[in-house]
Amino acid sequence: MDEFEPVIKNISRFIDLTEEEKEIFISHLRMITVKKKQFVVQPDFVCQYRSYILSGALQTYLVCPNRQEHTIALSIEDWWTSDFASYINQEPATLFVEATEDSILIQLSYKDEQELYKQVPKFERFFRIQVERSAIAIQKRMLWSISKTAEERYDEFVKRYPTFLQRFPQYVIASYLGMTTQFLSKIRNQKAKG
């Protein structure tokens, strides 16, 4: 039970669980270790798991036909990640989810999640809240990416996620911010001088 305590705390911020409900939830989970550069989700395969990050960091990205990567999300401890369109619709994934650090994940399968809803209906509320919060974050990020300059996007990123600069490679951060690695280097050099 102790190893699952962080995910229980994560959920308990949104719904109250009895000890019995916690045990039911835990019975549906699995814990896995992934190495740096290992994929958790790959395009063309149906995503079977929603993952809670116990430790580590992951990058969610799309690779275009011209082989350019577009980072959709960066995720660290106490966050949930997946290719949610693939997971929720049980259709082939379009995104890669890759560990950028050795990571430990707690996973809930699609099948087990559906069973969990029958056993403990309040989990539908929890995952609805998660989807709503994700939709808000995506909207804010879209508005941020079309209304701010590259330098403003970088400043906001540093302000909101200061530890990400040490945890994610520069090319991943550049991709997330919608700029080239060279342009990001230029911004960082100007900031260091000024």
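Laboratory data are not the source of any read-out in this text; all were calculated from the coordinates shown. Computed from a prediction, not measured in an experiment: that's the story for all the values here. When we count neighbours, we look across all protein chains shown, and the Cβ atoms used for this are built from the backbone with ideal geometry, even at glycine.
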Percent RCO, i.e. relative contact order, over the chain, from Cα pairs under 8 Å lying at least 6 residues apart:
24 percent
Report, in whole Å, the centroid distance computed from the Cα atoms of the stretch 60-103 and the stretch 24-43.
13 Å
Taking Cα atoms, the helix 122-147 axis meets the longest principal axis of the chain at an angle in degrees (rounded to 10) of 10 degrees
Past the 24 Å Cα-Cα mark, which pairs from Lys37/Lys148; Lys159/Lys193; Lys148/Lys191; Lys22/Lys118; Lys36/Lys193?
Lys37/Lys148; Lys36/Lys193
Give the residue from Gln182, Leu58, Phe84 lying farthest towards the positive end of the charge dipole for the chain; charges sit on Cβ (+1 for Lys and Arg, -1 for Asp and Glu) and the dipole is referred to the Cα centre.
Gln182
Treat the chain as a sphere of radius equal to its Kirkwood radius over Cα pairs and apply Stokes-Einstein at 4 °C in a medium of 1.567 mPa s; give the translational diffusion coefficient in µm²/s, rounded to a whole number.
72 µm²/s
For the Gln182, Ile88 Cβ pair and Förster radius 45 Å, calculated FRET efficiency rounded to 0.05 is 0.75
Normalise the Debye intensity by I(0) for the stretch 117-166, one equal point scatterer per Cα, no solvent, then take log10 at q = 0.15, 0.25, 0.31 Å⁻¹ and round to two decimals.
-0.58, -0.92, -1.06
If you count, for each residue, the other Cβ atoms within 10 Å and average over each peptide, how do 109-121, 69-81, 157-169 line up from highest to lowest?
69-81, 109-121, 157-169
